[in-house]
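**Student:** The following block contains the structure, expressed as structure tokens.
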Amino acid sequence: MPRRLVTGFIAAGVVAVALTGCVPNKAGAGAGAVNVAITDDTCAVAEKTTATGAVSFSITNKGSDTNEFEIYASDKLRIVGEKENITPGQTVTYVAQLEPGSYYTACKFQQVGGPVGLAAFQVTGAATELTSDAKKLSDVAVTNYISYIKSQVGELVPAVAAFSAAYAAGDDEKARSLFASTRAFYERIEPTAEAFGDLDPKLDYREVDAVAEGLDWTGFHRIEKDLWPPAPGALNSDGTSAFLDWAPSTPAQRQSFAAGLVGDTAKLQELVSAKDFTVSLADISNGSIGLLDEVASGKISGEEDWWSGTDLTDFAANVQGADVAYGNVRDIALTKGEKGKKLTASIDAEFSALNGLLAQYGSIDAGFTDYGQVTDAQKKALSDQVNALSEPLSQLTALVLGA
Amino acid sequence: MRTDPASTDQPGIPPTDPSGATATAAEDAKAPHGVSRRGLLGLIGAGAAGLAVGGGTGAAIGANAASASSQRNAVYPFHGAHQAGITTPVQDRLHFASFDLADSLTRDDLVQLLKDWTAAAAKMTAGQPVGETGAVDGPEVAPPEDTGEALDLPAAGLTITFGFGPTLFQTTDGRDRFGLASRRPAALAVLPRFSGDNLSPEISGGDIAIQACADDPQVAVHAIRNLSRIAFGRASIRWSQLGFGRTSSTSTSQLTARNLMGFKDGTANIKAEDPKVVDAQVWADGDPSWMAGGSYLVTRKIRMIIETWDRAQLQEQERVIGRNKGAGAPLSGGAEFTAPDFSATGATGKPLIDKAAHVRLAHPDQNKGTQLLRRGYNYVDGNDQLGRLDAGLFFISYQRDPQQFIDIQRSLATDALKEYIRHVGSAVFAVPPGAKAGGFIGQQLFA
């Protein structure tokens, strides 16, 4: 995953026009607008390449329901531009300020689920000098990060629906195959979900946490233990018997846990879609280090996915989430002189090293090595690299806030 | 740093401690031989710390030993109404051991073990070697009674405190080995599970606890080593813990020390100079009667996620604790000993001391006035297999009833600090009153 080498150069920003939506197309340098034709299951962008600058898209929704158009960074995760709420039959113009680099375009039917018609989109030309308008940079970072959060939750919702349905129906094999990849959407935005207080305990608490806090144990990990039931004599991560106050869920309990997971995920979507939902610049950069802390405290030790052994998927998703959050404030860091250049260079290099190390064990799409098969020496190498990245990353907030 | 031991050993010239304290001639007179205790201590202190934590960290902790308090020559009486080592000004070093009794042990054997331990503890706390003949005065053809590493060292404020675990009275599978089940205090029961617990059974619980505290690590280790040797065949160590850098003060004469998070710890601790509070919060009542003048001891091994903590922003660290890091003053303002104002709010209307701050949730004002007498220690058990420091706080508290600890620990369920710590060991013990001269520890229990 050498994407960091690329993202280093696409330090683009979407100008504030993205905030307001329909803005007269006064840019495009005579190239004309790039036409985008949307149907329910396609997203045809007429050009594969365009020149850098204020790129104008003329988007027509020929489908049957509301759609949205998105421009991703080369990691296919971080959003650099988005036009929402395009109704059937509508044609809208949307202008994105794009720096040279590799992007992906996609649409989202009914504004949930995975990207439809993901296609590479190249922007050529010479990079323009970064603006030093702090307010503008901050607005862009916040806007795009909120879009990204919504996009991840938008993908989480249908993934949870499919996973929960398989579990409730007793199709354990299918549910097991969906467990790790479904969680990835959640793990990428975990600090945001945790900020909502009581949702994370319901969705993502491990048994030992719930028992200790006297909460009803629900969510992903409750289901995990049914799907990967403990062998006789097995222990929980805290050394207690795996069968202490636990028995395999009955079909009725399965229905209830599945419905709970779906309901709590819907609640999460409602919260991040609320008009007043916002994040601060510090939330973004702190979220980045927070995700690495999640890795350091839960994933490295193998306590997170105690029964499934899918810790490395969570690990990778946390790292991706950290990388996206960092990517959102990276431009701001670059405006902070020599110090900013040095810090971003260091963070870029360490992200690249960590991604390289993780890639030795698989990928989120293809699956990762069972964490039980990872040796102590390999865990130490991963832990060392997490520390190597976390140290410079922990300096990011102070730099970005100019403290 | 430390001068050549020989040069400090000149008659009439008191050796100077790096902390600035000057030993008096009277203190010197207590030295068993003419050897400079301080010169020797520096060397031995470093060596023992190396033993304690192994390898590279030894040197740093050895340096800490060199600047230890000036109470090195204190001698605390072993006999008394209460056991020493509770309200005694907290010493700098800890060696704590929890023992399991042998299956073959009878009630009489147990009584004899307690008598043997009492005799040895009385000698060692007085700065003397154990046994009739000590370390070097016995027969040439017999192993010495005392292991010898504390020869030439003063008592160093050594206290040895004994406690009885719930399993002494009844095993977990319900056996009453010593006919003591009916005498178990109702208050003495295995602690419930708490939020954030990640306990390992092998470093939790135990039949009998021995807490050895001293201002010299070698003196503390010597005590546990010899008590353990005396018990071979009768009791063996289940788990043990070395600690350094006291994290609490139990006397107004002591400065508030810092824990490994870098914060002052135990500012609002119970102090020996406040007998009303000590009586109300620390000493057990007479139910059961054999516990009158005793106390209850809770230990919690609290691993710190040091690496994550060290990366946390200063304002986050201070928010989590609820005090500033420099002076230890509450975030509501004032100095270290200013009472925290939990209702004070800042410009944005948010409380100055966060709702989840450790100081708020642990404070007596938030816990119906409940207080604990804390005398915990920092620990560094080398590193884990990931190369992270295996370090944290070995929490020790004494209270009239373990329920005090339980209530406070429950109120800490939402503690912001939880993100950075993990409780990995837990134990509770009934600490009997002190032994009278000629008696033995726990005598009242067998009466």
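The values are calculated or read from the model by the stated rules, or taken from the named source; none is laboratory data. Owing to the predicted nature of the structure, the values given are computational and were not obtained by experimental measurement. Heads up, the Cβs are rebuilt from the backbone with ideal geometry, glycines too, and the neighbour counts pull from every protein chain shown. Side chains are part of the model used for accessible areas, which takes the heavy atoms of the whole protein and leaves out ligands, DNA and RNA. Shrake-Rupley method; radii C 1.70, N 1.55, O 1.52, S 1.80 Å.
**Student:** Determine, for each peptide in A:227-238, A:325-336, the mean count of other beta carbons within 10 angstrom over its residues, then list the peptides with the highest first. Each step should come with its number before you reach the end.
**Tutor:** Numbers: A:227-238: 14.7, A:325-336: 23.8.
Top of the packing list down: A:325-336, A:227-238.
**Student:** Right, another one. Angle between the Cα long axis of helix A:337-359 and the longest principal axis of chain A, 0 to 90 degrees, nearest 10?
**Tutor:** It is inclined by approximately 50 degrees.
**Student:** Regarding region A:237-318, what is the average projected area of its C-alpha convex hull, in nm²? The partial results should precede the final answer.
**Tutor:** Details: hull surface 30.4 nm².
With the hull built on Cα positions only, its mean projection is 7.6 nm².
**Student:** Using only Cα atoms, locate the centre of region A:272-297 and the centre of region A:27-78, then give the distance between them in Å, rounded to an integer.
**Tutor:** Distance between centres, Cα-based: 28 Å.
**Student:** Looking only at other chains, what is the average number of their beta-carbon atoms within 10 angstrom of each beta-carbon in B:195-203?
**Tutor:** Values: counts 8, 4, 7, 9, 4, 2, 4, 1, 0.
Rounded to a whole number, the mean comes out at 4.
**Student:** Let me ask something additional. If you bin the C-alpha pair distances of region A:148-400 every 5 Å from 0, what whole percents do you get?
**Tutor:** Calculated over all Cα pairs of region A:148-400, the distribution is 1, 6, 13, 17, 18, 17, 13, 8, 4, 2, 1, 0, 0 percent.
**Student:** Here is a follow-up. Picking from A:Q385, B:I408, A:A73, whose Cα lies most toward the positive end of the charge dipole for the protein assembly as shown (charges on Cβ: Lys, Arg +1; Asp, Glu -1)?
**Tutor:** Sorting the options by dipole projection puts first B:I408.
**Student:** Using the Cα atoms as the points, what is the convex hull volume per residue of region A:162-204 in Å³? Before the final figure, lay out each step's value.
**Tutor:** On the way: hull volume 2.8 nm³, N = 43.
Dividing the Cα hull volume of region A:162-204 by its residues yields 66 Å³.
**Student:** For A:A247 and B:E140, what does the FRET efficiency come to when R0 = 60 Å and r is the distance between their Cβ atoms, rounded to the nearest 0.05?
**Tutor:** Details: r = 66 Å, r/R0 = 1.10.
E between A:A247 and B:E140, to the nearest 0.05, is 0.35.
**Student:** What is the local net charge at A:F243, summed over the other residues whose Cβ is closer than 13 Å to its Cβ (Lys, Arg +1; Asp, Glu -1)?
**Tutor:** Working: positive: A:K225; negative: A:E207, A:D245.
With Lys, Arg at +1 and Asp, Glu at -1, the net is -1.
**Student:** Distance between the C-alpha centers of region B:326-367 and region A:352-403? Whole Å please.
**Tutor:** 37 Å
**Student:** Can I ask one more? Translational diffusion coefficient of the protein assembly as shown at 4 °C, 1.567 mPa s, Stokes-Einstein with Kirkwood Rh over Cα pairs, in µm²/s as a whole number.
**Tutor:** Details: Rh = 30.4 Å.
In µm²/s, the coefficient is 43.
**Student:** Quick one: length gained pulling A:L357 to A:D384 fully straight, 0.36 nm per residue minus the C-alpha distance? All intermediate terms of the calculation are to be shown ahead of the outcome.
**Tutor:** On the way: separation 27, 0.36 × 27 = 9.72 nm, distance 1.09 nm.
Additional length available on full extension: 8.6 nm.
**Student:** Run the numbers for B:D274 and B:V190: contour at 0.36 nm per residue of separation, minus the present Cα-Cα distance, in nm.
**Tutor:** Numbers: separation 84, 0.36 × 84 = 30.24 nm, distance 2.99 nm.
27.3 nm is the gain from fully extending B:D274 to B:V190.
**Student:** Could you work out how far the C-alpha centroid of region A:165-208 sits from that of region A:299-319, in angstrom?
**Tutor:** Cα centroid to Cα centroid, the span is 12 Å.
**Student:** Now, a different point. What are the ³J(HN,Hα) couplings of region A:146-153, residue after residue, when phi is run through the Karplus curve with 6.51, -1.76, 1.60 and θ = phi - 60°? Round to Hz, x for glycine and proline.
**Tutor:** Per-residue couplings from phi come out as 5, 4, 5, 4, 4, 5, 5, 5 Hz.
**Student:** Sort A:241-252, B:241-252, B:410-421 by the packing proxy (mean of other Cβ within 10 Å over each peptide's residues), most packed first. Kindly include the intermediate steps, with their values, before the conclusion.
**Tutor:** Working: A:241-252: 12.5, B:241-252: 21.8, B:410-421: 18.3.
My ranking of the peptides, most packed first, is B:241-252, B:410-421, A:241-252.
**Student:** Please report, in debye to the nearest 20, how large the charge dipole of the protein assembly as shown is about its Cα centre when each Lys and Arg carries +1 at its beta carbon and each Asp and Glu carries -1 there. Show your work: numbers first, answer last.
**Tutor:** Numbers: 73 positive and 98 negative charges, 234 e Å.
Rounded to the nearest 20 debye, it is 1120 debye.
**Student:** Taking H placed 1.01 Å from N in the peptide plane, check which residues at least 5 places from A:G81 or on another chain put their amide H under 5 Å from its amide H.
**Tutor:** A:I71
**Student:** Please find, in a Gaussian network model of chain A (springs between Cα atoms separated by less than 10 Å), the residue of A:T182, A:T313, A:T375 whose mean-square fluctuation is greatest.
**Tutor:** So, out of A:T182, A:T313, A:T375, the one fluctuating most is A:T375.
**Student:** A follow-up question, please. For the pair A:E338 and A:A195, how long in nm is the line joining their label points, each one 7 Å along Cα→Cβ?
**Tutor:** So the label points at A:E338 and A:A195 sit 3.5 nm apart.
**Student:** Additional query: Which distance in nm do the two modelled labels at A:T49 and B:D103 give, with both placed 7 Å along the Cα-to-Cβ direction?
**Tutor:** 8.1 nm
**Student:** Hey, got the average number of other protein chain Cβ atoms within 10 angstrom for residues in A:282-291? Don't jump to the answer; show the numbers that get you there.
**Tutor:** Details: counts 1, 0, 0, 0, 3, 0, 0, 4, 2, 0.
Whole-number average of other-chain Cβ neighbours for A:282-291 is 1.
**Student:** Hand me the GluC sites (Glu not before Pro) from region A:61-139 located in a DSSP loop with no more than 10 other Cβ atoms within 10 Å, in residue order please.
**Tutor:** On the way: sites: A:E68, A:E70, A:E82, A:E84, A:E129; in loops: A:E129.
In loop regions of region A:61-139 (DSSP not H, G, I, E or B), the sparsely surrounded GluC sites (Glu not before Pro) are A:E129.
**Student:** Now for a different question. Mind giving me the nanometre distance, one decimal, between the label points for A:T128 and A:Q110, set 7 Å out from Cα along Cα→Cβ?
**Tutor:** 3.9 nm
**Student:** How big is region A:253-403 in terms of Cα radius of gyration and Dmax, in angstroms?
**Tutor:** Cα radius of gyration and Dmax of region A:253-403 are 17.4, 58 Å respectively.
**Student:** Counting only DSSP beta bridges with both residues in the protein assembly as shown, what percent are antiparallel, rounded to the nearest 5? Spell out each step's value before the answer.
**Tutor:** Details: 83 of 92 bridges.
Given both bridge residues lie in the protein assembly as shown, the antiparallel proportion sits at roughly 90 percent.
**Student:** Relative to the longest principal Cα axis of chain A, at what angle does helix A:281-294 sit, 0 to 90 degrees, rounded to 10?
**Tutor:** 30 degrees
**Student:** In addition: Excluding ligands, DNA and RNA, what is the solvent-accessible area per residue of the protein assembly as shown at a probe of 1.4 Å, expressed in Å²?
**Tutor:** Heavy-atom SASA per residue in the protein assembly as shown reads 40 Å².
**Student:** Treating the beta-carbon of each Lys and Arg as +1 and of each Asp and Glu as -1, no other charges, what is the dipole magnitude of region A:30-110 about its Cα centre, to the nearest 20 debye? Don't jump to the answer; show the numbers that get you there.
**Tutor:** Values: 6 positive and 10 negative charges, 31 e Å.
The calculated dipole for region A:30-110 is roughly 140 debye.
**Student:** Just want the answer: with Cβ charges of +1 for Lys and Arg and -1 for Asp and Glu, which residue in A:G367, A:F121, A:G287 is farthest toward the dipole's positive end in chain A?
**Tutor:** With unit charges placed on the Cβ atoms, the residue in question is A:F121.
**Student:** Given region B:93-446 reduced to its alpha-carbon atoms as identical point scatterers, what log10 I(q)/I(0) does the Debye formula return at q = 0.07, 0.12, 0.13, 0.15 Å⁻¹?
**Tutor:** Values returned for q = 0.07, 0.12, 0.13, 0.15 Å⁻¹ are -0.32, -0.91, -1.05, -1.34.
**Student:** Under the definition of partner shielding as Cβ atoms of other protein chains within 10 Å of a residue Cβ, what is the mean value for peptide B:218-230? Display every interim value, and only then the final one.
**Tutor:** Numbers: counts 0, 0, 0, 0, 0, 0, 0, 0, 0, 0, 0, 0, 0.
Mean partner-chain Cβ count within 10 Å for B:218-230: 0.
**Student:** Extension gain B:Q112-B:D384, at 0.36 nm per residue separation less the Cα-Cα distance, in nm? Display every interim value, and only then the final one.
**Tutor:** Working: separation 272, 0.36 × 272 = 97.92 nm, distance 3.97 nm.
Roughly 94.0 nm would be gained on extension.
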